[in-house]
Amino acid sequence: MPDTRQPVAARRTHCPYCALQCGTRISGTRADAVTVEPADFPVNRGRLCQKGWTAPGLLAAPDRLAAPLVRGRSGRLLTATWDSALQAAAEGLARVRDAHGADALAVFGGGGLTNEKAYLLGKFARLALGTSNIDYNGRFCMSSAAAAGNAAFGLDRGLPFPVTDLSRARTVLLAGANVAETMPPLMQHLHQARLVVVDPRRSATAHRAALHLQPAPGTDLALALGMLHVVITEGRLDTAYIGRRTTGFEALAGRAAGWWPERTEAVTGVPAADLRTAVDLLTQSGDCYVLTGRGVEQHRQGTATAAAFINLALALGLPGTPSGGYGCLTGQGNGQGGREHGQKSDQLPGYRSLSDPADRAHVARVWRVPVGRLPGPGLRAYELLDALGEEQGPRALLVMGSNPVVSAPHAARITARLAALDFLVVADFVPSDTARLADVVLPVTQWAEEEGTMTNLEGRVLRRRALLDPPPPVRSDLHVLHGIAVRLGEPPEHYPTEPRKVFEELAAASEGGRADYSGITYDRLDAGESLFWPCPATPDPHPGTPRLFLDRFAHPDGRARFADVEHDGPAEDTGAAYPVHATTGRVLTHYQSGAQTRRVPELAAVAPEAFVEVHPDTAARSGLADGDLARVVSARGGMTARVRLDPTLRPDTVFVPFHFSGDGRANLFTHPALDPLSGMPEFKVSAVRLEPLPE
Ligand SMILES: Nc1nc2c(c(=O)[nH]1)N[C@H]1C(S)=C(S)[C@@H](COP(=O)(O)OP(=O)(O)OC[C@H]3O[C@@H](n4cnc5c(=O)[nH]c(N)nc54)[C@H](O)[C@@H]3O)O[C@H]1N2
Ligand SMILES: Nc1nc2c(c(=O)[nH]1)N[C@H]1C(S)=C(S)[C@@H](COP(=O)(O)OP(=O)(O)OC[C@H]3O[C@@H](n4cnc5c(=O)[nH]c(N)nc54)[C@H](O)[C@@H]3O)O[C@H]1N2
Ligand code: SF4
Ligand SMILES: [Mo]
């Protein structure tokens, strides 16, 4: 059982990177002499991946930011005092606001920020800056699954059950998730299960699968409809569950009727027989889970595709039962909490809505301001970045916790928009690709140097602990927000720098909201309680909610909704000029834009430069051999990568990790087509050609 009280040993915290938030124990007190060990925590049970083991390398990064920097008249970034840097930041923002209005200011946050930072950042944007324009990199992450989950279940918590429940599964469908590389310790919960993996590549996860379905990128929606077709025609529907717990099945059944296995095969490339085998595996042996990752979600139709996999899970009677379920594998360290507390363009803390009068009134009361001071919803991540420096767009930006020069789609365009700003402030602990463009750079504390809370992929709220002193000039993100806010004339007490105080305010702001944290305190967490939200203030003490939806879904009628979705395909087709699909994703040793892991020597040594995985026949057609340098070129532009031949890939598809900088950025070729519902870009499919590049 994951929900029991755990004794909290001294010096325990969690890994700085992904949403699994593996428990760790730290020894050593100087940044260059720290070691990390895995703790016996439910999600990782004594294991870590390479990134977790080597996380101390980040504390001692050789080029770690050690002092604030302000761009001088010479155009160079020069060392400054905190007071002058915060003053420069506040003056730069105020200047743009006075000339162009509050919406000319923008904020871009991140899913790696603690709950306290994410909360205070949202408040800072709405009140200290007065802008409606704040969004964050989570829009690029799990926003499609979140939109689909809200529509289906009335509430979005990535996993509505603890990870340890997966240990009972007989079958797990992993659609577009490469868990063996992106959350390796999670694999131990899947050992006993037969895996059905959906991935155009034979990924490390697909290697462990009982069945690997290898669709063309961007055809998963057809695949899911095809699987549903087989479920219906072979009489595998859970009709009692559908009648009792859902609505909307009839319309969807009409759609699925059009996706017989041979038609599905023609569109996806997945053999009709494999579709039938997949459905056999999912239905013949008890507990079954359907999990989605970015592979199926980062598409122009990402929301509809996630919905199609939810439909499948509902048709099999899984969500909200003790014997199965659906979940989205949230990615970033605080990807779950970071999407709940107000850094989204349309959102207030506790999953409240900026457009709902009662929600606005509640939060304005907690913030002690008239409700009229809260702006309305603003631009979403890509739209915000795309508008920077344009006629009507934001002209000054604060970035906290993201590196969009590398991670945003159509990166050449976004880099140019960042460069066109009147004023850019970046808070980071390393000189990231984005920080290098800034007018003011503010050096902040990292994981093992700061207090706070994170909410992991299960909705479990965790304590991050300050176990080391930060290098002397470095301050926390909360200090940054406080420092700028007071210089813009805000009351100092409205921007606490003490994480516990911020958390208490967050808890009050979330009270009665869908992500209710009002029953959670630092004291309860420090006593070792494992608390999953919602955890309301009453009854006191509330035990938290490890499993959602067991009695009812969160819609007013208590029923889950099937979504009537139809396959439409990627934004761009391959053709004579761009004959292959390129998809993008991750490798084990690097994290995201690589700003952090490219600075850890052990990790950089394993994957030092950008590469492209290519089928040998496809490489030969482009005149490329293993180890050659190639250009991967789309209609947006091209990047440079070393060729790695992989005979297990589909010949019509190449794969490029997005972790590298400069000319090695996968996002130089990606397409900025957006999902209309979630604002998710189409990271996972572009039409490209490969060109040999002389060394
Ligand atoms: N090592 C490592 N771990 C990480 C991260 C990291 O950067 N590095 N980041 C964290 C974060 S923020 C996230 S969001 C998660 C992401 O975790 P995952 O979703 O597992 O990661 P990805 O590699 O983006 O995509 C998963 C798989 O989708 C496949 N794929 C590509 N296109 C398609 C398609 O059209 N259809 C299907 N079905 N599959 C496709 C890719 O080949 C890839 O193997 O990982 C987290 N963990
Ligand atoms: N082509 C392609 N592009 C993608 C994806 C893909 O699969 N393919 N995946 C997308 C996904 S899922 C994600 S999540 C994004 C992530 O992309 P990014 O948002 O670029 O993520 P990171 O590299 O984690 O950047 C975080 C930055 O903030 C800093 N940082 C970390 N923690 C803190 C903190 O607490 N405070 C401050 N001030 N700074 C901090 C780090 O040093 C780093 O510079 O990329 C997206 N882009
Ligand atoms: S799986 Fe994620 S949380 Fe665990 S050690 Fe690796 S990066 Fe850290
Ligand atoms: Mo992500």
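Throughout, read-outs are computed from the coordinates displayed, never taken from laboratory work. This one's a predicted model, so the numbers in the text were calculated from it and none came from an experiment. No Cβ is skipped: glycine too gets one built from the backbone with ideal geometry, and neighbour counts run over all protein chains shown.
A few comments on the model shown:
- Stretching the chain fully between Asp32 and Arg95 yields a gain of 18.6 nm (0.36 nm per residue, less the alpha carbon separation).
- Highest mean packing first, where packing is the average number of other Cβ atoms within 10 Å per residue, the peptides 490-499, 49-58 line up as 49-58, 490-499.
- Sorted peptide list for 104-116, 158-170, 463-475, criterion being average Cβ within 10 angstrom, highest first: 104-116, 158-170, 463-475
- Per-pair calculated FRET efficiency, R0 = 25 Å: Ser167 and Ala527 via Cβ, rounded to 0.05: 0.45
- Sorted by Cβ density within 10 Å, fewest first, the residues Tyr136, Tyr289, Tyr351: Tyr351, Tyr289, Tyr136
- The label-point distance for Ala60 and Lys501, in a model that sets each label 7 Å from Cα toward Cβ, rounds to 3.5 nm.
- Calculated [θ] (222 nm, deg cm²/dmol) that DSSP helices of n ≥ 4 give over the chain, each run adding -39,500 (n - 2.57): -7500 deg cm²/dmol
- Partners for Lys117 among lysines (Cα-Cα distance below 27 Å; same-chain residues under 8 apart left out): Lys51, Lys344, Lys501
- Spatial separation of Cα centroids for the range 648-677 and the range 236-272, in angstrom: 30 Å
- Contour minus Cα-Cα distance for Thr81 and Glu250 (0.36 nm per residue): 54.3 nm
- Stretch gain in nm, segment Arg644-Thr239, where the contour uses 0.36 nm per residue and the Cα spacing is subtracted: 141.0 nm
- Cβ-derived FRET efficiency at R0 56 Å, Ala625 paired with Ser355, nearest 0.05: 0.50
- Arg552/Ser74 FRET efficiency (R0 56 Å; Cβ-Cβ; nearest 0.05): 0.30
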